[in-house]
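Everything below concerns the one structure shown next.
Values in this text are rule-based calculations from the coordinates and carry no lab data. All values reported here derive from a predicted model rather than from experimental measurement. Note that each Cβ is placed from the backbone with ideal geometry, even for glycine, and that neighbours are counted across all protein chains shown.
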């Protein structure tokens, strides 16, 4: 529309005629649509903000803890021999080198509460980090710094746990409960800000003793001279250091964490995008209804000289305004929702990937604008089609009743064709492999699937309507005939609502089937592979990064306990496995062959284990085999402190315990290669008829009174695995629910509009004798039919969705093979939800219809 | 690192009464010095330092002052228990290095700090060798060798003492406060011929000159009512040297345990109790960094020897402001001496150390 003053006035009056009038005459629809968009955008914002907060917490912690270090030397879980430090300090260009040992400790008696312990040389920290003590009381003396139980916690942590200077803190560190004495409180500055204050500082001598890491460092931080390039120093260091050590800039570690979490984050993002998509169907729906109701106005405006473009712009603006309003609310709601998701997500990440503590939601302006933009732009896109349809309305048609629906009927053939093409595309897109480790084509395939199935709704609605008509012909079922008639005569209004509900149902069914299949697969795997009667591990191990181990002497004594048939000590260390991080592990293959069992791709467990032991071979997880293109007989290579090792692959086994790939070797080979002593956990097999309670008592006695070991029975461990699994999918389940709510709002909108537009018809029905109850039943019948159709399509789409999730997305993201398991329960559940939701959505419109004043309704010119 | 630094401050300034005292040997009267054995470390005493200061010049007359000090502070053995960690602390080591460029009036200083793990710093007991990172002092009894370097500055000096060690105090003990054991064993090499290389702002210079060395071991320095000290090492042209220290009490008056020594040209040492000398500040300079107000011109009178000397800082700003690390902010610099001995004019060179003048700043703790 032009820019002159007169046309601005004109624009304003047109806006008033459309959007504002819409708000006045259809407040319910505006409310419902805006709410729907808000929920979708909120889901998206919440997931993104949670993701961003988790990443930010990591990178911020890395930055804060790295301080002024320009380079760092790390040695994975094998660590660094501290005797290398003097040589590192003498490298030209290194102006300071600081030794660091660190671990994650759990707070005793407070399950789930953990903190990062940083052991540093307090006298060599000056070039790297600054710690400030809170309060102005007496500064700590040398005995405060150097006593073996000295610890400095942050003021934040102290406040949260009711601690004060001079008090004590009992932590589970390594295999033991250790009582530390708080010698000072760190003001929230520098490293003390990491992980929202869940960090504590110890002197390195005390830390080495407490963590059981005498002689070893986890990291060496370096400050290098500005005149020498870090790359040059890296080259000099590389000549000096053993090959398993990495020299890198500290921020590289942030990028590694990002990479490690990418698949996890991408999955959540994709799910939240579906919720957003469902809410955009709602905008489409609302604008379509608005076009429908305003046909006469459009006709008048067009006769008065308004151009086609202006009509299209009007409705596009209406949709965009609804979208933006919803997005604004959604962004705010999303931040609130994100806060409540944060704890769960950060706990999952702590259990599965790396220790993390984050209390505050982080959402940068980019994220907020993206969410707003997606909501707004999505709404604009969603309103383009109905806006275009509005612009095609010729002034003469506008006055004709039913012409809108006739164009829909004409168009439904074309839509059907598009749907078929989209479904074909969805199928083809499952073929290509991942892009940079991410199943991008898989996500695209999901989108094609949803839109493709959505294209079937108009045709299906008509078919259903006609079908019911045919069925009811000659029978006395006036109410059903009425409902079916509305369906086929109001395809345009209903199709999108059904599509929205269908998408929600598809998401529900797809996720339920995928999670169910996955859970069943893991259950089977757990059932078949966890055979030990007792599993002993340091209690600190439940968060990643504790690196707590059981000592060799404990393992030896445990093996001699009466009633114990065999022990299998397990160690797993994160190393680089052919380009990506993975787990290098060891166990006693003879014990596993005799008592345990793994599920191999080829071969029987005991035979493969024994052959691997005899041939000095390794067994690798299926995910590693898939992602690195390895198979039985190939060789796998990795770097140990003793140098680069290459070993033949004897077997490939199914494993769901880690997503980075796993290489396992026999303990004898491990020891020969210079691997660590001790164990992360020990699987214990009892003799038949042994007294488990007595064995437990014995084990606890061996560990000692101050020990912090966890004894899990076979059943408890299995339950724990599934509990971790369920926690990991809690967010996905929340998103399912959100999609359903949005879908329900869509159906509600359609029925509400339908009742309003059919006031005259309803009035006539009432005046020819239809009772209020009958009317309610007609409307509810319509709602039920819509729900039923959405359920039908959603069920089919959902099954396809779960197949794509299982065979494309999960496989490409994590490398897990999941056995698809159909469950009839999902049909029952989704039917109940879809029908129930549809009837719920129909209830208010039905009541509204029943309440209509008959003469006024008959007089209504809809 | 404010935590560690604070502790060191405690150690250095309030050695008296610190915990773990009982684990260390006290400086008691009757100590017999044996050289070169006593140049080496005495880890059974809590505190020990080796201090070198000197005056260097090039052939073309450029003049410099230097100071290199190594501290060792023993830590209560109970703290490390039976720890097998190499990082368990037996002694903490500190070192200060400073260069005064008299022509440019430029004063540069650096410090190092180490717990001595993995031989990053240490002091041998069976031979004279003390080091902190790349800084080191050592010797074979006839000569000493000093090396230190930092940011374009370095010294590499060979020192040849021309006088026997001068043992301060009475009966082998230099008393610092009232009470048995509140003392140290303290000797000086007051006249050491010095030659070697000096690197100043990246420029390598051949230098010669003279050095003064102090070695002291015992308990810490100050009692609770003591606020700081002024310490003078003076090499007079006639071949005599003078060492004086005055402990200032919190109320401003000199502590009765202040004392000094006069070393005659033949090497004989005369003990000077507080009443044998007087120290009068005559001109002050206020440090813009720490706010400390230091006397930079002093009048020294030793009536019994008819000595009347004026001690003037080579230039005012020779303050080591180490609030960022060890927290001991002090003035230590090259001074020029003029005055009279037996009413005859006399000149000389010296080093002056003044502690406890910086206003008691609030710790960022």
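Provide the gained length on full extension for the span residue A:713 to residue A:381, in nm with one decimal, where the gain is 0.36 nm per separating residue minus the Cα-Cα distance.
Values: separation 332, 0.36 × 332 = 119.52 nm, distance 5.61 nm.
That works out to 113.9 nm of additional length.
Sticking with the crude label model, points 7 Å out along Cα→Cβ, report the distance from residue B:205 to residue B:149 in nm, one decimal please.
The modelled label-to-label distance comes out at 1.9 nm.
Taking Cα atoms, how many degrees apart are the long axis of helix A:772-804 and the longest axis of chain A, rounded to 10 and kept between 0 and 90?
Once rounded, the angle reads 40 degrees.
For segment B:126-170, restrict the atom set to alpha-carbon positions and state the Rg and Dmax in Å.
Reported Rg and Dmax, both Å: 13.0, 43.
To the nearest 0.05, how large is the calculated FRET efficiency for residue A:691 and residue A:339 if R₀ is 45 Å and r is the Cβ-Cβ distance?
The calculated FRET efficiency here is 0.35.
At R0 = 45 Å, how high is the FRET efficiency between residue A:771 and residue A:296 if r is their beta carbon distance? Nearest 0.05 is fine.
0.90
Roughly what would the spin-label model give for residue A:181 and residue B:58, points 7 Å off Cα along C-beta, in nm?
5.6
May I ask you to sort B:135, B:87 by Cβ crowding, counting other Cβ atoms within 10 Å and putting the fewest first?
Going from least to most buried by this count: B:135, B:87.
Mind jotting down the distance between the C-alpha centroids of segment B:37-107 and segment A:112-156, whole Å?
First find each Cα centre; the distance between them is then 26 Å.
Place a label point 7 angstrom from the Cα of residue A:259 along the Cα-to-Cβ direction, then list the residues of segment A:539-583 whose backbone nitrogen is under 11 Å away.
From segment A:539-583, the list is A:576-582.
How big is D, in µm² s⁻¹, for chain B by Stokes-Einstein at 25 °C and 0.890 mPa s if Rh is the Kirkwood radius over C-alpha pairs?
The diffusion coefficient I find is 119 µm²/s.
Hey, in the GNM for chain B with a 10 angstrom Cα cutoff, which one of B:28, B:198, B:320 fluctuates hardest?
Result: B:28 has the largest fluctuation of those listed.
Could you work out the relative contact order of chain A? I mean the mean sequence separation of Cα pairs under 8 Å and 6+ apart, divided by the number of residues, in percent. It would help to have the intermediate numbers written out before the result.
Values: 1657 pairs, mean separation 147.3, N = 862.
Relative contact order here is 17 percent.
What percent antiparallel are the DSSP beta bridges of segment A:525-721, to the nearest 5?
80
What is the percent of Cα-Cα separations in segment A:525-721 that go past 22 Å?
Working: 8992 of 19306 pairs.
For segment A:525-721, the share of Cα pairs beyond 22 Å comes to 47 percent.
Using Cα centres only, tell me the gap between segment B:124-164 and segment B:244-260 in whole Å.
31
Can you list, largest first and rounded to whole Å, the semi-axes you get for chain A by taking the square root of 5 times each eigenvalue of its Cα gyration tensor?
They are 61, 32, 24 Å, listed from largest to smallest.
Count the DSSP beta bridges whose two residues both fall in chain A, then state the antiparallel fraction as a percent rounded to the nearest 5.
Values: 67 of 86 bridges.
Among the beta bridges of chain A, antiparallel pairing accounts for roughly 80 percent.
Take the alpha-carbon centre of segment A:334-381, take the same for segment A:833-859, and report the distance between them in whole Å.
Between the Cα centre of segment A:334-381 and that of segment A:833-859, the gap is 38 Å.
Could you work out the relative contact order of segment A:58-185? I mean the mean sequence separation of Cα pairs under 8 Å and 6+ apart, divided by the number of residues, in percent.
Computed value for segment A:58-185: 22 percent relative contact order.
Per-residue ellipticity at 222 nm for chain A, helices alone: DSSP H runs ≥ 4 residues times -39500 (n - 2.57), over residue total, nearest 500 deg cm²/dmol? Spell out each step's value before the answer.
Numbers: 31 runs with 503 residues, N = 862.
When only DSSP H runs of four or more count, the value is -19500 deg cm²/dmol.
When the helix-only estimate is applied to chain B (DSSP H runs of n ≥ 4, each -39,500 (n - 2.57), divided by the residue count), what is the mean residue ellipticity at 222 nm, nearest 500 deg cm²/dmol?
After summing the helix terms and dividing by residue count, I get -1000 deg cm²/dmol.
How fast does segment A:71-248 diffuse by Stokes-Einstein, in µm²/s, taking the Kirkwood radius from C-alpha pairs at 4 °C and 1.567 mPa s? Each step should come with its number before you reach the end.
Details: Rh = 17.1 Å.
For the chosen part, D equals 76 µm²/s.
Within a 10 angstrom radius of the beta carbon, how do B:33, A:157 rank from fewest other beta carbons to most? Mind dumping the intermediate values first?
Details: B:33 14, A:157 24.
The fewest-first ordering by Cβ neighbours comes to B:33, A:157.
In whole Å, largest first, what are the principal axis extents of the Cα atoms in segment A:96-171?
So the three principal-axis extents are 39, 29, 21 Å.
Which ordering of A:125, A:318 is given by a fewest-first count of other beta-carbon atoms within 10 Å? Intermediate results must be reported in sequence, preceding the final value.
Numbers: A:125 24, A:318 27.
Taking fewest neighbouring Cβ atoms as first place, the list is A:125, A:318.
Starting from the Cα of residue A:528, step 7 Å along the direction of its Cβ; do the same at residue B:293; then give the gap between the two resulting points in nm.
With each label point 7 Å from Cα toward Cβ, the separation is 8.8 nm.
What does the extension gain come out to for residue A:635 and residue A:832, with contour length at 0.36 nm per residue minus their alpha carbon separation?
65.7 nm
Pairing the Cα long axis of helix A:365-391 with the longest principal axis of chain A, what angle in degrees results, from 0 to 90 and rounded to the nearest 10?
Taking Cα atoms only, the helix is inclined about 20 degrees.
Test of understanding: extend the Cα→C-beta vector of residue A:249 to 7 Å, then name every residue of segment A:62-96 with backbone N under 17 Å from that spot.
Only A:62-74 fall inside the zone, counting backbone N under 17 Å.
Quick one: Cα convex hull volume of segment B:95-157, Å³ per residue?
In segment B:95-157, the Cα hull volume divided by residue count equals 91 Å³.
Mind checking the angle between helix A:230-240 and chain A's longest principal axis? C-alpha axes, 0 to 90 degrees, to the nearest 10.
Rounded to the nearest ten degrees, it is 40.
Can you give the relative contact order of chain B as a percent, counting alpha carbon pairs under 8 Å and 6+ residues apart? Display every interim value, and only then the final one.
On the way: 942 pairs, mean separation 56.7, N = 365.
Relative CO of chain B lands at 16 percent.
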